[in-house]
Amino acid sequence: MEKHRKPDYFYIDNYDRWTIRTLKELEAKEAAEMQDVDDPIKRFAIEVVRGADSMAYRNTAISRARNRQETIREWIMTDEHKDRLIEKHPVPKGVTCDLCGKAMRFNTHFFDVQSIPLLFVFECPANHGPRKAIYPNGQEHVFPKPTCKKCGYEVARESHNQNNILYTTTTCSMCGTVEKDELDLNFEPEEEFMITEEDRQKYCLSFFKERTFMEDLEAINNFVIRFDEDQKDKELKEHYEIDKIERLTIPALETRLQKAIENEGFIKLGFDRPEMKTWTVVPFNLQDPTDRNDKKSIKTITSCIKQTIFTTNWRLVGSIDYRLGFLTGKLKAYEREEDLIKLAIEIKGNVG
Ligand SMILES: [Zn+2]
Ligand SMILES: [Zn+2]
């Protein structure tokens, strides 16, 4: 039996053929619409309407190009799945005609009918209808009987074929509704034209990275929003005078503190290796050679350091420890905008 999975080009050409045919039609139609429009404003208005119309040439081209790979992949997967199902389930045996009792012939597979993955269709060699649909396990699948659209009662259906047109009459014996249907069996598949590589390039491939008119609008809109946000951010920074916060390097901080602590009678300020994680934290130590007691010493140095670094981006973390004239503590640097704003508010609140 013929495999469902065909060579890749089969799916690619199928997809591209539809794209090329549709886009050529749209292209011609849109060119004709523009033909006698000379007024540039009117031309622009037409372009705008087309820009918002998902069925217009350009938008169709873009969406066909974007969906191309995925659609082709899905088609291939569907066909490969069919082949796997067929391979897994051999044709059931022993299916007989209800009318003449003869063995029925396997005719074709049905896939995904009423969410049943696979059914085998059998027909009687003497053409006794109806055909039978059989599950892979050999059981017959009984299709639900047709019902009346108006009252839901079971309907009777009669068909006859004339000049290869199938005429069907559906009659409801409950409410009397009669429906007539025609199905032209003289269906001829559309001729498959050859795809030229120029056409494939122009209609199927070149639009892949293009942006639609609406996406362009959105991009402009986002740009304006971002611009506004940047502007607000700038105003906020100016308002809180963030630029006035002194951003000190570790050596600059050390130099500044050195002088301040000496004025208060402390000596030997030293910085340990900084911890650079989310924050930069620098452990420090110094000594108090005076005869102040521990409480007095801690109070003096805490207030000295706080005042010295108040206008900078550095702050004391936790409290300072004192042991036998040796004091230790930690300093933390603030570098993120939102933290600097908080510091700026703090500074402004104290100064102003
Ligand atoms: Zn039969
Ligand atoms: Zn009815």
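For residue 259, the accessible area of its heavy atoms, probed at 1.4 Å with every protein chain present, is near 140 square angstrom.
Taking 174, 55, 34 and ordering them by how much accessible surface each has at a 1.4 Å probe, largest first, produces 55, 174, 34. Ligands, DNA and RNA aside, residue 245 has an accessible area near 10 Å² when probed at 1.4 Å. Here the chain exposes an accessible surface that is 53 percent carbon and sulfur, computed with a 1.4 Å probe and the other protein chains kept in place.
Of 314, 279, 18, the order by accessible heavy-atom surface (1.4 Å probe, DNA, RNA and ligands excluded), from most exposed downward, is 18, 279, 314. What the range 89-143 shows is 61 Å² of accessible area per residue, with the surface traced by a 1.4 Å probe over protein heavy atoms.
Which whole-number percent gives the relative contact order of the range 89-143, counting Cα pairs below 8 Å spaced six or more residues apart? For the range 89-143, the relative contact order is 30 percent. Accessible surface for residue 322 stands near 60 Å², nearest 10, in the context of the full protein assembly shown (1.4 Å probe). Among 38, 233, the order of accessible area from largest down is 38, 233, computed with a 1.4 Å probe on protein heavy atoms.
Calculated accessible area for the range 225-342 comes out at 66 Å² per residue, all protein chains present (probe 1.4 Å; ligands, DNA, RNA ignored).
The distance separating the Cα centre of the range 285-350 from that of the range 143-183 comes to 92 Å. Working note: 222 nm ellipticity from helices only, DSSP H runs with n ≥ 4, each -39,500 (n - 2.57), summed and divided by the residues of the chain, gives -14500 deg cm²/dmol to the nearest 500.
If you sort the three axes of the alpha carbon gyration tensor as a ≥ b ≥ c, you get a/c of 1.5 or more for the range 272-352 and a/b no higher than b/c, which makes it oblate.
Look at the Cα gyration tensor of the range 124-189: its axes a ≥ b ≥ c give a/c of at least 1.5 with a/b at or below b/c, and that counts as oblate.
Remark: the range 163-168, residue by residue, has Karplus-estimated 3J(HN,Hα) of 6, 6, 10, 8, 9, 10 Hz, where x stands for each Gly or Pro and the curve is 6.51 cos²θ - 1.76 cosθ + 1.60 at θ = phi - 60°.
The values are calculated or read from the model by the stated rules, or taken from the named source; none is laboratory data. None of the values given here were measured: they were computed from a predicted structure. Heavy atoms of the whole protein, side chains included, go into the accessibility calculation; ligands, DNA and RNA do not. Shrake-Rupley method; radii C 1.70, N 1.55, O 1.52, S 1.80 Å.
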